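A.B. asks: Take a look at the following structure, please.
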Amino acid sequence: MNVETFKYDNRIVRAFGIATVIWGIVGMLVGMLAAVELFYPGANLNLQFITFGRIRPLHTNAVIFAFVGNGMFMGIYYSLQRLCKARMFSDFLSWTNFWGWQTIIVAAAVTLPLGFTTSKEYAELEWPIKIAIAVIWVVFTVNLIGTILKRREKHMYVAIWFFLATALTVAVLHITNSMTMPAGLFKSYSMYAGVQDALVQWWYGHNAVAFFLTTPYLGLMYYFLPKAANRPVFSYRLSIIHFWALIFLYIWAGPHHLLYTALPDWAQSLGMVFSLMLIAPSWGGMLNGLLTLRGAWDKVRQDPVLKFMVVAVTAYGMSTLEGPIMAIKTVNSLSHYTDWTIAHAHSGALGWNGFLTFSMLYFIFPRLYKTQLWSTKLANWHFWIGLLGMMFYIIPIYVAGITEGLMWKQFNKEGFLQYPNFLETIVQIVPMLRLRSIGGTLYLVGVFMMAYNLYRTAKAGEFEPDTEDQAVPWQKAAVVAHGKSGFHRLLEGKPLIFTVLAVLAILVGGIVEIIPMYLIKENVPTIASVKPYTPLEVLGRDLYIREGCLGCHSQMIRPFRSETERYGEYSKAGEFVYDHPFLWGSERKGPDLAREGGKYPAAWHYNHMDDPRSTSPGSIMPRYSWLLTQKLETDSLPARLGALRRVGVPYPEGFENGPAQKDLAAQADKIVADLKQGSINATPDREIIALIAYLQRLGTDIKSAPAITAAK
C-alpha cells in the first residue's frame with residue numbers, strides 16, 4: 001500500500017488569522033464610534049464622512065465580512081486540508097482569495113464613508129465591488145471543491161458539508177440580490193422595486209446571516225470543538241439531521257423581517273412558520289456540540305479555548321431560539337423597529353461568531369508556531385472581560401428595545417397616545433445606550449488582550465510554513481472499515497452528487513417565495529395616483545440614501561392603531577412600485593417618515609437638517625449642515641433617470657435630455673420661494689433643496705386617491 005507524503009499550507013492560514021485580528025479591531029472601533037454617536041451626536045465633529053448613517057454600514061460590513069469573513073477563511077483553510085488529507089487545490093487561488101478579499105474590504109472602507117451605497121442591509125457595496133466579491137467567491141469555491149476532489153480521505157466529514165453549503169448558497173444569494181442597473185461608476189438602482197425588492201433583500205439579508213455567519217461557523221464548530229476537547233462528535237446521526245434540515249428550512253425564513261408590512265400575508269406566514277421550524281435543527285446542532293464535551297468539563301474549566309467554545313455554542317442556541325420567537329407575529333409587533341432586534345443580532349455576533357473566532361485563533365496560532373500559548377492566564381482574563389462586556393452590551397439594549405416597543409403602543413385612559421412625541425422614547429433609552437458603549441469597550445479591551453497574547457505567542461515560537469503529513473489515498477487503499485454504513489455514508493464519498501442535492505435543498509424555498517411575487521400580479525396591487533419621483537426628488541432620494549437616513553428612520557407604517565394614530569394611514573404595497581431600492585428601514589431611532597410629506601413647512605426641514613435640536617429638543621440626530629452649502633450635482637441626472645427607466649420606471653423617452661432639467665429647476669425655485677416665507681434665503685442649487693423636495697413628497701400620492709386597482 002503506497003503511503004504519500006504531503007504538506008499543509010500554513011502561510012495562508014496565518015495570513016487570514018492576522019487579517020482577522022486586525023479587521024476585528026478596526027470593525028469594533030468603528031462600532032464603538034457609532035455607539036457613542038447614538039447618545040452624543042456631536043462625536044462626529046460635524047464631519048459628514050463619519051456620521052452614524054455612513055459608518056453604521058461600515059461597521060456591519062467590517063465585522064461581518066472582514067472580521068468574521070477572514071476568520072471563516074482562516075478556519076476553513078486550516079481544517080479542510082487536514083480533513084481531506086491534502087494541501088489546498090491551488091496556492092495561487094488561495095492567495096488570490098486572500099488579497100482579493102482584503103482589497104474588497106479596503107474598497108468598502110473607502111466607499112461607504114464617502115456615501116457610495118445601495119442602502120440594502122449587508123449588501124450596501126456598489127456594483128463594481130459586488131462584481132469583485134462574486135469573482136473572489138468563485139475563486140474560493142473552486143479552491144474548496146478542488147481540494148475536496150483531490151482528497152485522500154474518502155468520506156467527507158460533517159464540517160465539509162457545511163463548507164460546501166456555504167460556498168454555493170452565498171453565491172446564489174449574492175448574485176440574486178445584486179441585480180442592479182448601473183447609473184455611474186459608483187451608483188446603481190436595484191432591478192427590483194418596492195415589495196419585490198424588500199422580499200429579495202430580506203431573503204438575502206436573513207440568509208446572509210444563515211449562510212455566512214452560521215453554516216460555515218457550524219462546520220468550524222464540528223471540527224475545532226472535538227479537536228480541542230479530544231473527543232468525537234456526540235452524534236453522527238444528529239449531525240446529518242442538523243445539516244439537511246437547517247439548509248432546507250433556513251432559506252424560507254427571510255420574510256419574518258417583513259411582518260405586518262406591505263408584503264402579502266401568505267409570504268409573511270411562510271416566513272413565520274419556517275422560522276419556528278428552525279428551532280429543531282438549530283438546537284440539535286447546539287446539543288450536538290455541547291454533548292460532545294460530556295465528561296470533559298474539568299478540561300473546560302482549565303482550557304480558555306474550550307471556555308470560548310462553550311459560550312459560543314450556547315449563544316448560538318439562545319440566538320436561534322430567540323430568532324424564531326421574534327418571528328411570531330404578536331412578538332414581532334412589539335420587537336420590530338426597536339433595539340430588541342439590535343440586541344438579538346449582537347448576542348449572536350458577539351457570542352457565537354466572536355467567541356468562536358477567538359477560540360480558533362487561540363487554537364491555531366500555537367500550532368502554527370510550534371509552541372504553547374504565551375499566557376493562558378491572559379486568555380482566561382480575555383474570556384471573562386469579553387463575557388462581561390457582552391452582558392453589559394446586550395442586556396441594556398434588550399431593556400431599551402422593550403421600553404421602546406411598550407412606549408410606542410401605550411394609550412392613556414382617554415384613548416390617546418400616552419407618548420405622542422417620539423422623542424419621549426429616546427430620552428428614556430439614552431442611559432441604556434451609554435451602558436452599551438461601556439460593554440462594547442470591555443469587549444474591545446479583550447480583543448486587544450488577545451492580539452497581544454497571539455503576538456507574544458508568535459515571538460516565542462518558530463513559524464512552520466508547511467506541516468508534513470502522510471496518508472494512503474483512498475482510491476488506492478484496501479477496504480477500510482469505518483464503523484458506519486448506509487446511504488448517507490455512501491453520499492459522503494460522492495461530493496458532486498452531495499453538492500447537487502445541497503443546491504436543490506436551498507433553492508426550493510427561494511423559488512416558492514420569490515417567483516410568485518412576479519408571476520401573480522395581485523401580490524403587488526397598484527394605486528392609480530402613485531407617480532414616479534420628479535428629477536429633483538430622485539436626487540433628493542439619492543442624498544437620503546447617501547447619508548444613511550434609513551438607518552434610523554423607517555418608511556413603513558404598520559396596520560396598528562398605535563402607528564396610524566402617530567404617523568397616519570398604514571402603508572400599501574402599491575405606494576412603492578417605483579422605489580428602486582425600497583427604503584422601509586429596519587430600526588427607528590427617529591420617527592417613521594412614510595407620511596412626512598406636507599407635515600412641516602420647508603423651513604422646518606431646512607432648520608432641522610442644519611441643527612436638529614433647534615426644532616426637536618433632545619434629538620440624537622447629527623447635524624447635516626453641509627447639505628446647506630454643498631452644490632447639488634446634476635450632471636449625473638440623465639444617467640440616473642435613464643437607469644431608472646430601464647428598470648421599469650415610466651419616464652418618457654428622452655425626458656432626461658432636457659425636460660428633466662427644466663422640471664428640476666422649476667421645483668427647486670418653488671422650494672426656495674417656500675423657504676423665503678420662513679425667512680430663509682437659499683439658492684436653488686444646494687443639496688438641501690433636493691432633500692426637502694423628497695421629504696415633502698413622502699406619502700402624498702395616496703392622500704387624494706386611496707382607491708386600489710389590480711395591476712395591469
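The values are calculated or read from the model by the stated rules, or taken from the named source; none is laboratory data. Values in this document were obtained by computation on a predicted structure and should not be read as measured data. Note that we place each Cβ from the backbone using ideal geometry, even for glycine, and neighbour counts take in every protein chain shown.
A.B. asks: How about region 112-158: which of its residues are of a type in the set (Val, Ile, Thr) and in contact with a strand residue (DSSP E or B) (Cβ under 9 Å, 6 or more places away or on another chain)?
C.D. replies: Scanning region 112-158 gives a single hit, Thr118.
A.B. asks: Here are some residues: Ile688, Ile680, Ile620. Which one is assigned to a loop (DSSP other than H, G, I, E, B), in the same structural domain as Ala594 (by TED's automatic domain parsing) and surrounded by 20 or more Cβ atoms within 10 Å (Cβ to Cβ)?
C.D. replies: Result of the check over Ile688, Ile680, Ile620: Ile620.
A.B. asks: Exactly one of these conditions fails for Val331: (1) in contact (Cβ under 8 Å) with a residue 24 or more places away in the chain; (2) under 21 Å from Gly585 (Cβ atoms). Give me its number.
C.D. replies: (1)
A.B. asks: For region 153-165, check the following and say yes or no: at least one residue is in a helix (DSSP H, G or I), without any contact (Cβ under 8 Å) to a residue 60 or more places away in the chain and either under 24 Å from the mean Cα position of the chain (by Cα) or buried (at least 22 other Cβ atoms within 10 Å of the Cβ) (or both).
C.D. replies: Scanning region 153-165, I find no residue that is in a helix (DSSP H, G or I), without any contact (Cβ under 8 Å) to a residue 60 or more places away in the chain and either under 24 Å from the mean Cα position of the chain (by Cα) or buried (at least 22 other Cβ atoms within 10 Å of the Cβ) (or both), so the answer is no.
Table: residues versus (1) farther than 23 Å from Leu543 by Cα; (2) in contact (Cβ under 8 Å) with a residue 40 or more places away in the chain; (3) part of a loop (DSSP other than H, G, I, E, B); (4) not assigned by TED's automatic domain parsing to the domain that holds Ser190.
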{"position": "Ile105", "(1), (2), (3), (4)": "yes, yes, no, no"}
{"position": "Val110", "(1), (2), (3), (4)": "no, no, no, no"}
{"position": "Lys120", "(1), (2), (3), (4)": "no, yes, yes, no"}
{"position": "Arg151", "(1), (2), (3), (4)": "yes, yes, yes, no"}
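A.B. asks: Let me confirm something: among Tyr533, Tyr518, which residue is out of contact with any strand residue (DSSP E or B) (no Cβ under 8 Å at 6 or more places or on another chain), more than 22 Å from His256 (Cα to Cα) and either aromatic (Phe, Trp, Tyr) or not assigned by TED's automatic domain parsing to the domain that holds Ile688 (or both)?
C.D. replies: The unique qualifying residue is Tyr533.
A.B. asks: Which condition does Gln196 not pass, out of (1) over 23 Å from Arg294 (Cα atoms); (2) free of Cβ contacts under 8 Å to residues at least 60 places away in the same chain, if it passes all the others?
C.D. replies: Here Gln196 meets the rest and fails (2).
A.B. asks: Another question, if that's okay. Any residue at all in region 425-434 that is surrounded by 15 or more Cβ atoms within 10 Å (Cβ to Cβ), within 30 Å of Ile160 (Cα to Cα), aliphatic (A, V, I, L, M) and modelled with pLDDT of 95 or more?
C.D. replies: Among the residues of region 425-434, not one is surrounded by 15 or more Cβ atoms within 10 Å (Cβ to Cβ), within 30 Å of Ile160 (Cα to Cα), aliphatic (A, V, I, L, M) and modelled with pLDDT of 95 or more, which makes the answer no.
A.B. asks: Which residues, taken from region 184-204, are farther than 12 Å from Phe582 by Cβ and part of a helix (DSSP H, G or I)?
C.D. replies: Trp203, Tyr204
A.B. asks: Still on this structure, please answer the following. Thr441 - would you say it is closer than 23 Å to Pro396 by Cβ, of a type in the set (S, T, N, Q), modelled with pLDDT of 95 or more and surrounded by 16 or more Cβ atoms within 10 Å (Cβ to Cβ)?
C.D. replies: yes
A.B. asks: Could you tell me whether region 47-67 includes any residue that is part of a loop (DSSP other than H, G, I, E, B) and in contact (Cβ under 8 Å) with a residue 24 or more places away in the chain? Walk me through how you get there before you give the answer.
C.D. replies: Start the filter on region 47-67 by keeping residues that are part of a loop (DSSP other than H, G, I, E, B), which leaves 47, 51.
Of the ones still in play, those that are also in contact (Cβ under 8 Å) with a residue 24 or more places away in the chain are 51.
Yes, region 47-67 contains a residue that is part of a loop (DSSP other than H, G, I, E, B) and in contact (Cβ under 8 Å) with a residue 24 or more places away in the chain.
A.B. asks: Within region 444-474, take every residue that is touching a Ser or Thr at 6+ places or on another chain (Cβ under 9 Å) and assigned to a loop (DSSP other than H, G, I, E, B) and give me the one that is surrounded by the most Cβ atoms within 10 Å (Cβ to Cβ).
C.D. replies: The selected residue is Gly461.
A.B. asks: For the condition in contact with a Lys or Arg (Cβ under 8 Å, 6 or more places away or on another chain), more than 30 Å from Gln201 (Cβ to Cβ), assigned by TED's automatic domain parsing to the domain that holds Asp197 and at pLDDT 95 or above, what is the one hit in Leu306, Leu293?
C.D. replies: Leu306
A.B. asks: Which ones in region 616-658 are touching a Pro at 6+ places or on another chain (Cβ under 7 Å) and over 30 Å from Gln428 (Cα atoms)?
C.D. replies: Leu637, Leu641, Ala643, Val649, Pro650, Tyr651, Glu656, Asn657
A.B. asks: Can you name the residue in region 344-378 that is of a type in the set (Phe, Trp, Tyr) and either at pLDDT below 95 or part of a helix (DSSP H, G or I) (or both) and is also farthest from Asp9 (Cα to Cα) among such residues?
C.D. replies: Trp352
A.B. asks: Examine region 204-223 for a residue that is more than 30 Å from Val310 (Cβ to Cβ) and under 20 Å from the mean Cα position of the chain (by Cα), and state whether such a residue exists.
C.D. replies: Yes, that holds for at least one residue.
Residue-by-condition table, conditions (1) assigned by TED's automatic domain parsing to the domain that holds Phe365; (2) of a type in the set (Asp, Glu); (3) under 30 Å from Lys521 (Cβ atoms); (4) modelled with pLDDT under 95:
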{"site": "Tyr217", "(1), (2), (3), (4)": "yes, no, no, no"}
{"site": "Tyr222", "(1), (2), (3), (4)": "yes, no, no, no"}
{"site": "Thr261", "(1), (2), (3), (4)": "yes, no, yes, no"}
{"site": "Lys299", "(1), (2), (3), (4)": "yes, no, no, yes"}
{"site": "Val311", "(1), (2), (3), (4)": "yes, no, no, no"}
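A.B. asks: Moving on to the next point. In this structure, does Leu29 turn out to be at pLDDT 95 or above, more than 19 Å from the chain's Cα centre (by Cα) and either within 19 Å of Phe365 (Cα to Cα) or assigned to a helix (DSSP H, G or I) (or both)?
C.D. replies: Judged against the criteria, Leu29 is not a match.
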